[in-house]
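Structure, as structure tokens:
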Amino acid sequence: MLHPNTRRCTSPPIDASVRAVLFDRDGTLITDVPYNGDPNLVAPIPGVKAALDALRARGISLAVVTNQSGVARGYITREDVDAVNARVESLLGPFAGFFVCPHGPDDGCRCRKPMPGLLLDAAAALGVKPSDCYVIGDKASDIAAATAAGMRSTLVDPTHPLSP
């Protein structure tokens, strides 16, 4: 069951109180390629660039918050993750930051979604209150992290393009 502050749609309602939008990466901004360490495999989801540009035009800070357990599992390196993030930024425009949890599901860290640590770290780094942030993701763990952090959220369907 989704939290009452969570919407499932392809065009999130971002109102004037939102100062920052935190995006999950894989399946939200780009096509999900499991444990991707190859920047050449980065493919933006249709409509995402226009939606990001519309938010930037409104002066909203944008950041990426992403679980990357492939690092803990030994499938990819942190350098691979950074290279993929750089490719995401080159295709989709600037982000205020990329916040990465490199831990595995059983590591018990505070930053792996659905825990709120990564989102709270992002809000602090951006200089905004959690209540001024909006989270957009494609998995229940993204939404659970947002709820735990006191942020509003939208669960998007990665098969449908976003619109600004």
Original post:
Out of (1) in contact with a Lys or Arg (Cβ under 7 Å, 6 or more places away or on another chain); (2) among the small types (Gly, Ala, Ser); (3) surrounded by fewer than 16 Cβ atoms within 10 Å (Cβ to Cβ), the odd one out for residue 127 is which?
Top reply: (1)
**OP:** Being surrounded by 13 or more Cβ atoms within 10 Å (Cβ to Cβ), farther than 20 Å from residue 132 by Cβ and at pLDDT 80 or above narrows it down to one of 32, 24, so name that one.
**Re:** 32
Original post:
Based on what the data block shows, is residue 17 under 16 Å from the mean Cα position of the chain (by Cα), small (Gly, Ala, Ser) and modelled with pLDDT under 95?
Top reply: no
Original post:
Which condition breaks for residue 113 when tested against (1) charged (D, E, K, R); (2) surrounded by fewer than 20 Cβ atoms within 10 Å (Cβ to Cβ); (3) assigned to a loop (DSSP other than H, G, I, E, B)?
Top reply: (2)
Original post:
How about segment 129-164: which of its residues are in a loop (DSSP other than H, G, I, E, B), under 25 Å from residue 44 (Cβ atoms) and modelled with pLDDT of 95 or more?
Top reply: 138, 139, 151
Original post:
When segment 116-128 is examined, which residues are found to be part of a helix (DSSP H, G or I), of a type in the set (Gly, Ala, Ser) and more than 15 Å from residue 100 (Cβ to Cβ)?
Top reply: 123, 124
Subject >> Scan of segment 82-99 for residues that are farther than 9 Å from residue 39 by Cα and either in contact with a Lys or Arg (Cβ under 6 Å, 6 or more places away or on another chain) or of a type in the set (Val, Ile, Thr) (or both), ordered by number >> reply: 92
Original post:
So which helices (runs of 4 or more DSSP H) stay within segment 35-104 end to end and still have 2 or more residues that are surrounded by fewer than 18 Cβ atoms within 10 Å (Cβ to Cβ), among the charged types (D, E, K, R) and free of Cβ contacts under 8 Å to residues at least 12 places away in the same chain?
Top reply: 78-92
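The values are calculated or read from the model by the stated rules, or taken from the named source; none is laboratory data. All values reported here derive from a predicted model rather than from experimental measurement. Ideal geometry is used to build each Cβ from the backbone, glycine not excepted, and the neighbour counts take in all protein chains shown.
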